[in-house]
Structures are given as C-alpha cells and as structure tokens.
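A short write-up of the structure that comes next.
Taken together, the values in this text are just the output of simple stated rules run on the coordinates, not laboratory data. Here the structure is a predicted model, which is why all the values come from computation and not from measurement. Positions of Cβ are generated from backbone atoms using ideal geometry, with glycine treated the same way; all protein chains shown enter the neighbour counts.
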Amino acid sequence: MPTVLSTLLHPQRTPPPPIDVDLARVMVVGTAVWAVALLVTGALWLRDVVPGTWPCMCAAGVVLGVIGYGWSRRNGHLAADGSGAMVRPGQDDLSA
C-alpha cells in the first residue's frame, strides 16, 4: 500500500474515455459558420471596409471544412444504436 506522501509525489490518474461524436456534423457546422463569415466579409470587402485577405481566409475555412467532411465520411460511420457515435471502418459495431 503506497503512503500518502508517495501518492502525492507520484499521482496516477486514469484518463477518461474519449467522447464519441459525429465528426461529419462538427465539420458541417464549422463549414457553415465559415460560409456565413465569407458572405459577410465578401460584402464588406466589396464596400472597401475590410481588406481582401479576410474573405480569402474565410474561403480557406470553407474549403478545409469540405475536405474535413469528406475525410470524416470516409474514415467512419455512425453507430447503429442511434447514439451519434462514429465507428471506424473495420471496427465491429459494439452496440449490436
């Protein structure tokens, strides 16, 4: 049995399990936010309020979001139990 001093000097913590999320939904929401920002900054750029780099940055966010959405769809699918969790290809669906 470890002493109190030993436990305080060398704590051992068990990390929590990862949260299961649908990455495709996250990518869609993020891409939608970048698309709205692109519309706003594009309109402001046309009125010479903001520099042209701002709409370009928002367009890059939209492009990366579309790439991320495609990656999340190729590298996982939703669990069959309706929980919204992603299951990697080749991994058995543990809920069945």
Review point. On the given criteria, is VAL28 surrounded by 14 or more Cβ atoms within 10 Å (Cβ to Cβ) and in a helix (DSSP H, G or I)?
Key: yes
Exercise for review: Name the residue, out of ALA60, ALA37, that is of a type in the set (Gly, Ala, Ser) and either under 19 Å from ASP22 (Cα atoms) or buried (at least 16 other Cβ atoms within 10 Å of the Cβ) (or both).
Suggested key: ALA37
Review point. Of the residues that make up the range 11-22, is at least one loosely packed, with under 12 Cβ neighbours inside 10 Å and in a helix (DSSP H, G or I)?
Key: no
Exercise for review: Would you please list the contacts, defined by Cβ atoms under 9 Å and residues six or more apart or on different chains, that run from a residue in the range 48-64 that is aromatic (Phe, Trp, Tyr) to a residue that is in a loop (DSSP other than H, G, I, E, B)?
Suggested key: none
Practice item. For the range 11-64, enumerate the residues that are in contact with a Phe, Trp or Tyr (Cβ under 7 Å, 6 or more places away or on another chain), farther than 21 Å from ASN75 by Cα and hydroxyl-bearing (Ser, Thr, Tyr). Key: THR41
